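The values are calculated or read from the model by the stated rules, or taken from the named source; none is laboratory data. Remember, it's a predicted structure, so these values are computed and weren't measured experimentally. All Cβ positions, even for glycine, are placed from backbone atoms using ideal geometry, and neighbour counts span all protein chains on display. Ligands, DNA and RNA are stripped out before the accessible areas are found, and what is left, the full protein with its side chains, is counted by its heavy atoms. Shrake-Rupley method; radii C 1.70, N 1.55, O 1.52, S 1.80 Å.
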Amino acid sequence: MKKVRRFLAGGLVFAMAVSLIGCKSTGEVSKNADTKGTAASEASEAAGGKEEFKTTYGSKKFDDVTITVEVFDRSNAPEGSTVIDNRWTKYINQEMNKVGITVKFVAVPRADEVNKAQLMMASGTGPDIMICYTSSIVEGFYKDGGTYDLSPYVDGEDQAKNLKEYIGKDCMDLGRNQQGELWAIPARRSTTASTNLFIRKDWLDELGLQAPTTKEEMYHVLQEFKKYKPDSFAASFWVCTKASDIAGVMATSFLKNVKDEKAYAIEADSATSLIYMDPGFGEYFKWMNQLYNEGLIDPEYYVDTTENALKEDFVNGKVGCFESNVNYNVDSLRGSLLKVLQSTDPKADVISIPPIKNDNDGEIYNKNYPINGAYLFIPQSAKNVEAAVTYLDWLATKEGGFTIFHGFEGEHFKYDDSGVPCVIDAGFNTKDKDWTRHDLFLIGNQGYYKTADEFALATSKECPGYENYVLDNFKNASVGIIRHDPTFTAPTSTEKNTEISVIREEYFVKLVTCQPDKFDDTLQEFKDKLKKAGYDQIIKERTDYYDGVFAGK
Amino acid sequence: MKNMSVSKKRTINWGTVINYLLLTILVVICFYPFLNVVAYSFSSNRAVLSGTVTFFPIEMQLDAYKEIVHRGQIWTAMRVTVLVTLLGTAIGLILTIFAAYALSKDKLKGRKWISGMILFTMYFNGGIIPTFLVIKNLGMYDQLTSLYIPSAVNVFNFIVMRTFFREIPKSLEEAAYLDGATDVQILFKIVLPLSMPIIATIGLFYAVYYWNDYFNALIYIQSPEKYTLQLRLRSLLFAGELGAAGNEGLGQQVMAEALKMACIVVGTVPILAVYPWLQKYFVKGVMLGSVKG
């Protein structure tokens, strides 16, 4: 027995020694990385700084450089090709070879993007250009010294000209910190349209009603809907579908602080933040509570945690007015719901309407996505940052991103009268390029378009028979004063996320379903719990971040 | 006489009827989710969206399955997974049997120490990143070997098998010794034939583990042509919910729900089909044990 113990003890000591050696060697690795980082920045300073790197496509011929680029794998590659080897990756290489760059793609499963990014960063196995949708993670990598500051490669007058022109200063600055260092290149969204209010047009017509523009009119319409179709639900607004993230377009019409851009940016961290700070948000819940107690919304709405119930209600003609993602009614991505509804009820018609006027100041506010989507960053393991940025620059050109996204004129698209590229044969495009075009076109979200109008016009051509619906949807989602979702988050809110989510989920349901006379007490209870969870700290951190990074921009 | 038999029948019937009824309800409860998935996979887009599908497909169609056939990667992934499962199970079984048999013998010197070392790995491991670096430096990164070599022996399976070997009566082996058999002969000719139930059980454990393994593939596999089925399934299932890139093309997403369900069917049926084949070993094993015991 003693012997065994001695052996075990020996084993333990051995194991500890091994782990210590492990620590030592990783320590060395990171030290090496540090020196490499400083060496690179010293080199750029020594050579008179920014102008040393030539990153505009065509301005420098590279000496047979290979770069690696991350591409999302969505398991949708057609037979005979993969996301890393297909017609378009070949096209990219053909064009990039002209300046001496070979591009190799590295596939990452879309659903595990964050896990994979963290693993690749920790082990130094990441490709030269990486992509991530979460700003705090990417900024964290930079703070830890894991990624390059891209400003020496982008900010010079002659550098990355195409890229800067396509992305624009406002969008680019979202990847910049207080010191002006560029920790990532934010991909620009072609459209920031985010949500729509939808209503049954045929019900309105039948009842001789106009589309509502104020809270009172909306309430009246919902009551009439309920009388007209007693077995349906008059309304389904944001909290009925997904009580997370940032308040929906209907809730925005109640907010008091939304008129102040700074206040909104700080408070709209999540819906919880808004209810903590904005008295108008409490009014929204009071209104929802009234609707609920009068039977105007699904009495068991809280059971549905996905959006499936709304989808079912939509195609079964069981909901009168609701809010959801922009273009929800006709978007083929979501199953062309209106088409499905009309196949059983040809008279049915669902249209989007502009957000109703703000209850406090009568203005129309539209909640929109941030102007950027993903963040592109270059890890310290990259050997040739200049070439990598040159590739991003090429993506902003007509031969680059435009062709990858829209294809070739005559084969994939033709220009309409106003010069917007329009699809010729959607079926062919789907198989030939649409499955990978979004993922190869890194520097933009939702495609290569100069303006949001161009985007809407081109998208409408992809929904034959419903073109005007699409145009209206995007118009209604962009009308009035735009408020973009903030892109930054407070450390405390990340830390306390789980705790806060639990509180939020409980009280969002309670606020809507409680007896009207208990509402005020419930709201106070909710706020007290948030205070306890550290909400004052979150607001303080967000204010500091905003003042530090966005003030004066 | 006639009356008696009728009343007798009746009494028997009541108990049986209730039993059958309860069991049928239980079967339905267990079977319904699966049947529902199958029904969804064969139903039309309209029926899926309107949420009316329950036990049987509505507006039967095969589009989802055609789509899967069209997407060659599912088959590539299926091949990879089958290969990994077969190799992983075979290697796992062989190593586990050898280790467990040797360590179940009292005459092996230092066996407690070896067992201790093996057990140690059950409680402590290096963590994801260090393990990843080890595998990478061993040259297994982006190789299928990374999926079945590092996790070749499962300690829990090893313990179960060792316990089983210990319970095989020593007299059997002693008899074989007297007839001049070597250790290896005893293992293959005496012990293994007696151990079919445990081999079937452990083999199934390994097979299910490799079939369902997703995390290792996520970490160690880079090339799309080496993705395993679970990795593919996950990316298909979550594709619709991660529409961050906006419109990803017509048609492709229209089938989303039915396609997801079809993928689940394709991913589950092969491993489910293995169970009936192994069933007979479980039954035989129980009988064998009772006779020898």
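Laid out as a table, the results:
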{"quantity": "Evaluation of residue A:349 against (1) under 26 Å from the mean Cα position of the chain (by Cα); (2) open to solvent by less than 40 Å² (accessible area, probe 1.4 Å); (3) under 20 Å from residue A:466 (Cα atoms); (4) in contact (Cβ under 8 Å) with a residue 40 or more places away in the chain (one fails), failing number", "calculated": "(1)"}
{"quantity": "Long-range neighbours under 9 Å by Cβ, at least six apart or interchain, first residue closer than 15 Å to residue B:228 by Cα and open to solvent by 30 Å² or more (accessible area, probe 1.4 Å) within the range B:58-86, second in a helix (DSSP H, G or I) and modelled with pLDDT under 80", "calculated": "B:75/B:68; B:75/B:69"}
{"quantity": "One residue from A:223, A:179, A:159 being farther than 30 Å from residue A:500 by Cβ and surrounded by 24 or more Cβ atoms within 10 Å (Cβ to Cβ)", "calculated": "A:159"}
{"quantity": "Meets criteria (closer than 23 Å to residue A:533 by Cα, among the polar types (S, T, N, Q), touching a Leu at 6+ places or on another chain (Cβ under 7 Å) and crowded, with 18+ Cβ neighbours inside 10 Å) for residue A:241", "calculated": "no"}
{"quantity": "In the range B:232-254, the residues that are open to solvent by less than 40 Å² (accessible area, probe 1.4 Å), out of contact with any Pro (no Cβ under 6 Å at 6 or more places or on another chain) and modelled with pLDDT of 50 or more", "calculated": "B:232, B:233, B:236, B:239"}
{"quantity": "Of all residues making up the range B:45-57, the number that are in contact (Cβ under 8 Å) with a residue 60 or more places away in the chain and either more than 30 Å from the chain's Cα centre (by Cα) or away from chain A (no Cβ under 11 Å) (or both)", "calculated": "2"}
{"quantity": "Filtered residue count, the range B:39-57, keeping only those that are aliphatic (A, V, I, L, M) and either in a loop (DSSP other than H, G, I, E, B) or open to solvent by 50 Å² or more (accessible area, probe 1.4 Å) (or both)", "calculated": "1"}
{"quantity": "Residue within the range A:500-510 that is of a type in the set (S, T, N, Q), farther than 24 Å from residue A:262 by Cα and touching a Pro at 6+ places or on another chain (Cβ under 9 Å) present", "calculated": "no"}
{"quantity": "Single residue of A:268, A:243, A:251, A:263 found to be in contact with a Phe, Trp or Tyr (Cβ under 6 Å, 6 or more places away or on another chain), modelled with pLDDT of 85 or more and among the small types (Gly, Ala, Ser)", "calculated": "A:251"}
{"quantity": "Wholly within the range A:270-340, helices (runs of 4 or more DSSP H) carrying at least 3 residues that are more than 10 Å from chain B (Cβ to nearest Cβ) and among the polar types (S, T, N, Q)", "calculated": "A:279-293"}
{"quantity": "Those strands (runs of 3 or more DSSP E) lying entirely in the range A:363-421 with at least 3 residues over 19 Å from residue A:139 (Cβ atoms) and within 26 Å of the chain's Cα centre (by Cα)", "calculated": "A:365-368"}
{"quantity": "Pairs where the first residue, in the range A:187-206, is more than 30 Å from residue A:176 (Cβ to Cβ) and the second is open to solvent by 10 Å² or more (accessible area, probe 1.4 Å) and part of a helix (DSSP H, G or I), C-beta under 8 Å, 6+ apart", "calculated": "A:196/A:476; A:197/A:476; A:203/A:228; A:206/A:228"}
{"quantity": "Complete set of residues in the range A:72-90 that are more than 7 Å from chain B (Cβ to nearest Cβ) and of a type in the set (Asp, Glu)", "calculated": "A:85"}
{"quantity": "Out of B:73, B:61, sole residue that is modelled with pLDDT under 90, in a helix (DSSP H, G or I) and either polar (S, T, N, Q) or over 30 Å from residue B:29 (Cβ atoms) (or both)", "calculated": "B:73"}
{"quantity": "Qualifying position, being surrounded by fewer than 23 Cβ atoms within 10 Å (Cβ to Cβ) and over 27 Å from the mean Cα position of the chain (by Cα), among A:316, A:308", "calculated": "A:316"}
{"quantity": "Residue that is of a type in the set (Gly, Ala, Ser), in contact with a helix residue (DSSP H, G or I) (Cβ under 7 Å, 6 or more places away or on another chain) and within 10 Å of chain A (Cβ to nearest Cβ), where the choices are B:72, B:116", "calculated": "B:116"}
{"quantity": "Residue A:115 being assigned to a loop (DSSP other than H, G, I, E, B) and either in contact with a Cys (Cβ under 6 Å, 6 or more places away or on another chain) or within 14 Å of chain B (Cβ to nearest Cβ) (or both)", "calculated": "no"}
{"quantity": "Some residue of the range B:122-142 being hydrophobic (A, V, I, L, M, F, W, C), open to solvent by 50 Å² or more (accessible area, probe 1.4 Å), free of Cβ contacts under 8 Å to residues at least 40 places away in the same chain and farther than 17 Å from residue B:216 by Cβ", "calculated": "yes"}
{"quantity": "Failed item in (1) open to solvent by 70 Å² or more (accessible area, probe 1.4 Å); (2) within 21 Å of residue B:211 (Cα to Cα); (3) among the hydroxyl-bearing types (Ser, Thr, Tyr), with residue B:24 passing the rest", "calculated": "(2)"}
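This table checks each residue for (1) at pLDDT 90 or above; (2) under 26 Å from the mean Cα position of the chain (by Cα); (3) open to solvent by 20 Å² or more (accessible area, probe 1.4 Å).
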position	(1), (2), (3)
A:69	yes, yes, no
A:74	no, yes, no
A:81	no, no, yes
A:91	yes, no, yes
A:106	yes, yes, yes
A:109	no, yes, no
A:112	no, yes, no
A:119	no, yes, no
